[in-house]
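Read through the structure below, which is laid out as structure tokens, and then see the notes.
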Amino acid sequence: MNDIRRTILWVIFGFSLVLLWDKWQVHSGKKATFFPAPAVATAPAPETGKAPGDASVPSAAAAATAGAGEVPGGAAAAPEAAPRQNVTISTDVLRLTFDSQGGTLRHAELLKYADSVHKDKPVVLFDESVHRVYLGQSGLIGGGFPTHKTTMTALPGARELKDGEDQMELRFESPDMGGVKLVKIWTLKRGAYDIGVRHEVVNTGTAAVSPQLYLQLVRDGNKPEGEQSTMYSTFTGPAVYTDEKKYQKVEFKDIESGKASVEKSSSGGYVAMVQHYFASAWLLAEGIQRDNFLRKVDNNLYAVGMITPVGTIEPGQSKSVEARLFAGPQIEKRLESLAPGLELVKDYGWLTILAKPLYWLLDKLHGFLGNWGWSIVALVLLLKIAFYWLNAKAYSSMAKMKAINPRIMEMRERLKDKPQQMQQEMMRIYREEKVNPMGGCLPIIIQIPVFIALYWVLLSSVEIRNAPWIGWITDLSAKDPLFILPVLMTLSSLLQTALNPAPPDPMQAKMMWIMPLVFSVMFFFFPAGLVLYWLTNNILSIAQQWIINTRMGVPPQFNLPKFGKSTPAK
């Protein structure tokens, strides 16, 4: 039964890795290796009623008929109020560039975070270049009103947040269009990644108007630079949060194929674009009615956004709508303080219920130790203490199996031609020795979700990014440059195999040695923080197994592999 138990565990482990590899291929934009999906025919985009951000501008009549539930379309081209220009403004954490066409955010640098590829440059989130399209846009629909296509005037003002100042403003004003003027006021605060955006709508005409405001994020469907070459992959794409359906991720391919489905109307939530470590999101105050939309805008360009009514505005009157645009790192405490559910853009998947308390504990340990590497070591140590009795039960069962293994081997050799009698004799030995061959299996299975959750905590936490540990490990989110940790992890896995009871079947015994070598190859490309976590877990497991074996009178033995030619059992 011991060899059966091990076979089951290795089959489960191997199949899990196959599924993970398949998902990596899909997330990396490649075809699935093992479970390819059937090709989906893509419907051609309609010619009218396109999402804002599309290169073409529908007619004014089409824009005028757009309702709250429709995807907004552009308006007629605006008269030029001023030459189109870029305006750059910076705080202590952000350097932003706005396009006076629509007052659009077209470039955002996160000054506190170095780029993963170009270490001497800050992370670029929003951008409009040959390499990346990622924009924050807003405008009005419901008539020939100003949109993100309207050239606006940037009013004079400060362009840099100076020492002693807590906030600054950047104002854009549109020309009159359809009897409406739009004033867009961006407010940046010291140390903040959420940017206030007040849309003041002024009725300059002679009749009442009822415009609607759209807020959208437009992005290309490519992975961030540097992530495509990694062995692991995380989600990149839009997300929508509503009170009804909570957090919903949407793949770019689902938008293109028309399979994307989100809550269309809500009175709370946000729309976001998510990538590894960073995110952007449009936020409206809770209680404001809004309609959410997802669209493919152009070739490899996708939009996620929401539309909210401004209300009826009488001639000479004005109304304003307050919104915020978040553009920054996925730091849970910051996200939680900005909007309900915004912390979910840091995605732990179906293990969120376990991952969030693990992150909380890791963060507390870092506050005490001041080093993320040692915090990882301490967290694994605490988990080992928490699971001590479960592990003790598993290792005790393995020690008993190891003690009776000589009897099992002798019996198998003696009865190798009588399989039924061999099975009966094996069960008799187990009963006499009071050994449960599956006793070491269940305690380990119970812990697997916890350690997978910890894996996702370490993979998703931006705090680990560019964080040093000791000596040669200067970035726990990057692979070990000298491959020292992966080598030690491989050796520890082999040592664990040597300490475990050798399976009676020679072929299974060989597989027990080959499998750790095969799986360890992946760890040479994993982030150093993840390898450190696995290495620490292996070392502590070996120490606990050694102590338990010694206490039970089963001296630790190294069951070295025998790769010579063996005679299979008949």
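Evaluate the following for K416: is it open to solvent by 30 Å² or more (accessible area, probe 1.4 Å), modelled with pLDDT under 90 and charged (D, E, K, R)?
Values: open to solvent by 30 Å² or more (accessible area, probe 1.4 Å): yes; modelled with pLDDT under 90: yes; charged (D, E, K, R): yes.
Yes: the conditions hold for K416.
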Considering only region 251-266, I want to know if a residue exists there that is in a strand (DSSP E or B) and closer than 27 Å to L140 by Cβ. yes
Could you figure out which of (1) more than 30 Å from P468 (Cβ to Cβ); (2) at pLDDT 85 or above; (3) not aliphatic (A, V, I, L, M) isn't true of T497? (2)
Can you pull out every residue in region 73-93 that is open to solvent by less than 20 Å² (accessible area, probe 1.4 Å), modelled with pLDDT of 90 or more and in a loop (DSSP other than H, G, I, E, B)? T91, V93
Cβ-Cβ distance below 6 Å, separation of 6 or more or different chains: which pairs start in region 408-431 with a residue that is assigned to a helix (DSSP H, G or I) and end on one that is open to solvent by less than 40 Å² (accessible area, probe 1.4 Å) and of a type in the set (A, V, I, L, M, F, W, C)? Q421/L415; M422/L415; E425/M411
Of the residues in region 213-222, how many are crowded, with 24+ Cβ neighbours inside 10 Å and either among the small types (G, A, S) or farther than 13 Å from V321 by Cβ (or both)? 4
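Out of everything in region 115-134 that is of a type in the set (A, V, I, L, M) and not in a strand (DSSP E or B), what residue ends up being nearest to V218 (Cα to Cα)?
Initially, region 115-134 is screened for residues of a type in the set (A, V, I, L, M), giving 117, 123-125, 130, 133.
Filter once more, so that each one left must be not in a strand (DSSP E or B): 117, 125, 130.
Working: V117: 24, L125: 12, V130: 15 Å.
Per the stated criteria, the residue is L125.
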Please determine whether any residue of region 267-284 is farther than 25 Å from S337 by Cβ, β-branched (V, I, T), open to solvent by less than 30 Å² (accessible area, probe 1.4 Å) and touching a residue at least 60 places away in the same chain (Cβ under 8 Å). no
Q137: passes all of (1) assigned to a strand (DSSP E or B); (2) in contact with a Lys or Arg (Cβ under 8 Å, 6 or more places away or on another chain) but (2)
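Restrict the check to region 221-233 and report whether at least one residue is aliphatic (A, V, I, L, M), at pLDDT 90 or above and on the phi < 0 side of the Ramachandran plot. Step through it out loud before you land on a result.
The first filter runs over region 221-233 and keeps only residues aliphatic (A, V, I, L, M), leaving 231.
Checking the rest, the ones that are also at pLDDT 90 or above come to none.
Checked against the condition, which is being aliphatic (A, V, I, L, M), at pLDDT 90 or above and on the phi < 0 side of the Ramachandran plot, region 221-233 yields no hits at all.
Considering only residues that are closer than 23 Å to V321 by Cβ and without any contact (Cβ under 8 Å) to a residue 60 or more places away in the chain, look in region 124-161 and name the one that is surrounded by the fewest Cβ atoms within 10 Å (Cβ to Cβ). Let's see the steps before the verdict.
Initially, region 124-161 is screened for residues closer than 23 Å to V321 by Cβ, giving 126, 135-155, 157.
Checking which are without any contact (Cβ under 8 Å) to a residue 60 or more places away in the chain leaves us with 155, 157.
Values: L155: 13, G157: 11.
Here the residue is G157.
If you go through region 164-182, how many residues are assigned to a strand (DSSP E or B) and either in contact with a Leu (Cβ under 9 Å, 6 or more places away or on another chain) or surrounded by 22 or more Cβ atoms within 10 Å (Cβ to Cβ) (or both)? Lay out the reasoning, then the answer.
Step one: list which residues in region 164-182 are assigned to a strand (DSSP E or B), which gives 167-173, 177, 180-182.
So of that shortlist, the ones also either in contact with a Leu (Cβ under 9 Å, 6 or more places away or on another chain) or surrounded by 22 or more Cβ atoms within 10 Å (Cβ to Cβ) (or both) come out as 167-173, 177, 180, 182.
Number of matching residues: 10.
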How many residues are crowded, with 19+ Cβ neighbours inside 10 Å and in a helix (DSSP H, G or I) when one looks only at region 478-493? 6
For the structure I just gave you, tell me whether P315 is open to solvent by 30 Å² or more (accessible area, probe 1.4 Å), of a type outside the set (K, R) and assigned by the TED database to the domain that holds Y193. yes
All but one of (1) outside any strand (DSSP E or B); (2) of a type in the set (A, V, I, L, M); (3) under 30 Å from V531 (Cβ atoms) hold for A279; state the number of the condition that does not hold. (1)
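Can you find a residue that is under 20 Å from the mean Cα position of the chain (by Cα) and open to solvent by 40 Å² or more (accessible area, probe 1.4 Å) anywhere in region 198-212? Walk me through it before giving the result.
Pass one, region 198-212, residues under 20 Å from the mean Cα position of the chain (by Cα): none.
No; the residues of region 198-212 include none that is under 20 Å from the mean Cα position of the chain (by Cα) and open to solvent by 40 Å² or more (accessible area, probe 1.4 Å).
The values are calculated or read from the model by the stated rules, or taken from the named source; none is laboratory data. Computed from a predicted structure; not experimentally measured. Cβ sites come from the backbone with ideal geometry, for glycine too, and all protein chains shown count toward neighbours. Surface accessibility is based on the protein's heavy atoms, side chains included, excluding ligands, DNA and RNA. Shrake-Rupley method; radii C 1.70, N 1.55, O 1.52, S 1.80 Å.
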